[in-house]
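The values are calculated or read from the model by the stated rules, or taken from the named source; none is laboratory data. Only a predicted model underlies this, so the values are computations on that prediction, with no experimental measurement involved. Reconstructed Cβ throughout: ideal geometry from the backbone, glycine too, with neighbour counts over all protein chains shown. Heavy atoms of the whole protein, side chains included, go into the accessibility calculation; ligands, DNA and RNA do not. Shrake-Rupley method; radii C 1.70, N 1.55, O 1.52, S 1.80 Å.
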Amino acid sequence: MAKTYVAVDIGASSGRLMLSHLENGKLKLEEMHRFKNGFSKKQGFDCWDIDHILKEIFIGLEKIKSAGYDKVNLGIDTWAVDYVLVGKDGERIKDPISYRDERTKDSIKKLTTDVSKEYIYQKTGIQFLDFNTLYQLFEEDENLLAKTDMILMIPDYIAYVLTGVAVTEVTNASTTQMLSLREGLFDDNLLEKINVKREQFPKLVDPGTDLGSLDNKWYLKYDLPEVNVTTVATHDTASAVVGTPGLGQRWAYLSSGTWSLIGAELNVPENGKLAFKYNYTNEWGAYGTYRFLKNIMGLWIIQNVKEELGNKYSFSQLAELAEKESPFQQFIDVNDERFQNPPNMITEIQDYCRDTSQKIPETPGELAMAIYSNLSLYYANELEILGNILGYKIETLNIVGGGSNVRIMNQLTADIAGVDIYAGPSEATAIGNIIVQMISQGEILNVYLARRIVADSFSVNKCSPQGISLNDKLNEYQKFLKKNTMSTI
Ligand SMILES: Nc1ncnc2c1ncn2[C@@H]1O[C@H](COP(=O)(O)OP(=O)(O)O)[C@@H](O)[C@H]1O
Ligand SMILES: C[C@H](O)[C@H](O)[C@@H](O)C(=O)COP(=O)(O)O
Ligand SMILES: [Mg+2]
């Protein structure tokens, strides 16, 4: 009898509980609960509301129980790098600070005065993002760190609250930029640099580790099903890669959500000179793979524009309005750090265009097209760089996540990069979460076969380059980036 699985997938903009099971060789997926996620100022820091997230998970589990599911297996994946400090009493010391908080904006420069970037990259193979856990802990309140019994990454903390069992799952641990590629352990020199003791991180575990059942105390508070918790690839992007159908030859993936993560799945890390130069990362994937990828600012930009327009337009309406505008009215380095967390995104985009003496997008459609067309240009540029580093031309791009619904962006990316695009499934992260659970429970043999099931179970839209090549436009954009790239993330 096929089991019932629940994926708790919490991205930076929304969380969701997805119910799934295998039926006649197809993966069924049902959204049972969705909630908004986000951060807000607390005592001067941008903080996540972790109690809100926990409450929403229990609400989602009550919905699953009332829908008649009495027994489920559950996995949790969330965004990366952020953590919770847990005291000796087993309780949270404070709310987790968001990676978008400005406390780490100068941290790379400060930390690398006596630990070189070359050392860090050789050791970890992880891209330099100023919000990596390494820099957050470097800036952390020393008194709080001294009182900390456990440092738990966000999904590990949620699993700890649910089950009482504390672990450090490796795909997300790799995003700390403290995990050594060779030994697979936290690097002593880096731990010392940030005054963290090795034992403050619980034991490292692989995706597919059984954590056992919910702590009984939750049944006194909520009407819940019987739940067994399995660690999955708890970094949501690692789950997204597992859930990618992997269609086409020489394929790359683009996990397109709040962030755009573009890259390839490797069996060995690539942390050589070119990868270092272009700031590519070797985040750990499931089953001994490496997620060789680059962070791109992503749909965070349009998420802010939508809010600043008073949420008068849905995302699909903004995409429709964009289709009415011509692309490439202006060039924007979407990875410029000024877009990381500005007070007002529309103003920031318009100031950028003014600063670079370009046409200023004014209407919602002009703003949306400016964002989508420049993300497409940036993706195409990175696909070229990715191919140069790996030594072969990328021929296919599998786009998953909410952004796979943006037809105009899929088509522009196909036209500029000259690659075939397979768009979907949009819930690949939750699907990848489920797949690791099913493999751990013996329902599916491996990821290769799981990806075939994904391709058979969900709609994936193919889009190929049409009409004239836009390679000249890409060359123009690359010249613009060379001239105008200030400090990117
Ligand atoms: N139908 C749609 N049309 C246009 N954009 C969409 C659509 N559905 C989702 N999106 C885009 O996808 C984003 C959410 O993607 P998702 O993968 O759920 O993000 P996350 O996991 O980071 O919360 C939205 O911010 C929006 O920009
Ligand atoms: C900070 C990380 O790079 C970020 O968490 C990213 O890896 C990620 O998790 C993206 O997931 P979203 O679903 O929030 O786009
Ligand atoms: Mg996501």
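The region of the chain that goes longest without hitting one of the GluC sites (Glu not before Pro) in a DSSP loop, each with at most 14 other Cβ atoms within 10 Å, is 184-361.
First select every other residue whose beta carbon is under 13 angstrom from the beta carbon of Ser326; then total the charges, Lys and Arg +1, Asp and Glu -1.
Numbers: positive: Lys324, Lys359, Lys473; negative: Glu323, Glu325, Glu366.
Around Ser326, the surrounding residues sum to 0.
Seen from Glu199, the other residues with C-beta closer than 14 Å to its C-beta sum to a net charge of +1, counting Lys and Arg as +1 and Asp and Glu as -1. Of the trypsin sites (Lys or Arg not before Pro) in the range 275-333, the ones in a loop by DSSP (not H, G, I, E or B) with at most 16 other beta carbons within 10 Å are Lys312, Lys324. The lysines within cross-link reach of Lys324, meaning a Cα-to-Cα straight distance under 21 Å and a gap of 8 or more places when in the same chain, are Lys306, Lys312, Lys359, Lys473. Annotation: the antiparallel percentage among DSSP beta bridges lying fully within the range 5-235 is about 70.
For the range 372-386, 3J(HN,Hα) computed residue by residue from phi via the Karplus equation (6.51, -1.76, 1.60; θ = phi - 60°) reads 5, 6, 7, 5, 4, 4, 5, 4, 5, 4, 5, 5, 5, 5, 4 Hz, glycine and proline entered as x. Amide H contacts of Cys47 (H built 1.01 Å from N, in plane; Pro and chain starts excluded): Ser40, Lys41, Lys42, Ser98 sit under 5 Å, all sequence-distant by 5 or more or on other chains.
A dipole drawn for the range 228-328 from +1 and -1 charges on Cβ atoms has a positive end, and of Asn228, Ala319, Ser256 the residue lying farthest that way is Ser256.
Quickly estimate the mean residue ellipticity at 222 nm for the chain, helices only: each DSSP H run with n ≥ 4 gives -39500 (n - 2.57), and the total goes over all residues, rounded to 500. Using -39500 (n - 2.57) per qualifying helix, the result is -11000 deg cm²/dmol. The range 1-54 and the range 367-417 have Cα centres separated by 26 Å.
Short-range pairs are left out: with C-alpha atoms under 8 Å and at least six residues apart, the relative contact order of the chain is 16 percent. Tell me the carbon and sulfur percent of the accessible area for the chain, rounded to whole percent, probe radius 1.4 Å. Answer for the chain: carbon and sulfur cover 48 percent of the accessible area. Using a cut-off of 27 Å between Cα atoms, the listed pairs Lys147/Lys203; Lys36/Lys193; Lys63/Lys88; Lys277/Lys462 include Lys36/Lys193; Lys63/Lys88; Lys277/Lys462 as exceeding that distance.
Output the antiparallel fraction of DSSP beta bridges having both residues in the chain, as a percent to the nearest 5.
On the way: 50 of 72 bridges.
Given both bridge residues lie in the chain, the antiparallel proportion sits at roughly 70 percent.
The HN-Hα couplings worked out from phi for the range 412-419 by the Karplus form 6.51 cos²θ - 1.76 cosθ + 1.60 (θ = phi - 60°) are 4, 5, 4, 5, 6, 7, x, 10 Hz, whole numbers, x standing for Gly and Pro.
Any idea what the alpha-carbon Rg over 2.2 N^0.38 Å comes to for the range 5-235? Walk me through the intermediate numbers first.
Working: Rg = 18.2 Å, N = 231, 2.2 N^0.38 = 17.4 Å.
For the range 5-235, the normalised Cα radius of gyration comes out at 1.05.
Counting only protein heavy atoms and a 1.4 Å probe, the chain has 40 square angstrom of accessible area per residue. Simple spin-label estimate for Lys462 and Lys324 gives 3.3 nm between the two label positions (7 Å along the Cα-to-Cβ direction from each Cα).
Which loop-located chymotrypsin sites (Phe, Trp or Tyr not before Pro) does the range 363-421 contain, where loop means any DSSP state but H, G, I, E or B and the Cβ has at most 16 other Cβ atoms within 10 Å?
Working: sites: Tyr372, Tyr378, Tyr379, Tyr392; in loops: Tyr392.
Within the range 363-421, the qualifying chymotrypsin sites (Phe, Trp or Tyr not before Pro) (loop, at most 16 other Cβ atoms within 10 Å) are Tyr392.
Where q = 0.06, 0.11 Å⁻¹, what log10 of I(q)/I(0) comes from the Debye formula for the chain, counting one point per Cα? Summing over Cα pairs of the chain leads to -0.25, -0.90.
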